[in-house]
Each structure stands twice: as structure tokens, then as C-alpha cells.
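For reference, the structure is listed below as C-alpha cells.
Each value in this text was obtained by applying a stated rule to the coordinates, not by laboratory testing. Worth saying up front: this structure is predicted, and the values here are computed from it rather than measured. Cβ: placed from backbone, ideal geometry, glycine included. Neighbour counts: every protein chain shown.
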């Protein structure tokens, strides 16, 4: 499995700047529980997070739960696929947005 650039960036931020306030990861999923499952399995469970996990030991899960949240959305939709209240809430909290989304539909207009 290849590692996405946003996953690499999230790991680097958490490892090098552990005092970062919070990271929100926009994940395309059918619902919040599926997005949370993807976070745990595909991101936090990846080999990339092994170094941070070994440094934090038993505190890894608590640390990542405090520092990371998933947001269900779709970058191709209005308001990033979020309901207006979620979108407004995030817009009031975010200081930096990193977009690594792309499309694999090559005949789009």
C-alpha cells in the first residue's frame, strides 16, 4: 500500500511538533465510524506511524486521539461535502489547510 502525502505530513507534524493544537483529516467515507476505522487501520496502523508509536508507547492511542480527528467529506462537493454547521465550525478553527486531493478521472471537464 502506498502512503499518501497527507499521511506523511500528519506523521511528521505529530512527531516533530507534538504541541500542535489539532489535526483534522478529511476522509471520504460513507459515515463517521467508517472514516474513524480508516484512520485507525490505514493511517495510524501504517508502518509510517511505527516510530511515533515506539516513542510514545502506551500513550500513543491517547496522544493521537487528542491530536487527530476525522471529518467525513468529499473535496469535489460544495462545502467539501460537509453539512453547513460542520463546515462553519471547521472554518472558525482552522489556521492551515493542506490539500493533497486529486482525481483519477482523466476525461473530466
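Here are the numbers for this structure:
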{"read-out": "Computed over the chain, Cα set: Rg, Dmax in Å", "value": "14.7, 49"}
{"read-out": "Crossing angle, helix 5-16 versus the chain [Cα axis fit, 0-90 degrees, rounded to tens]", "value": "30 degrees"}
{"read-out": "Distance (nanometres) between label positions extended 7 Å along Cα→Cβ at residue 61 and residue 78", "value": "4.1 nm"}
{"read-out": "Mean residue ellipticity (222 nm) of the chain, computed from DSSP H runs ≥ 4 via -39,500 (n - 2.57), nearest 500", "value": "-11500 deg cm²/dmol"}
{"read-out": "Angle in degrees between helix 84-93 and the longest Cα principal axis of the chain, rounded to the nearest 10", "value": "50 degrees"}
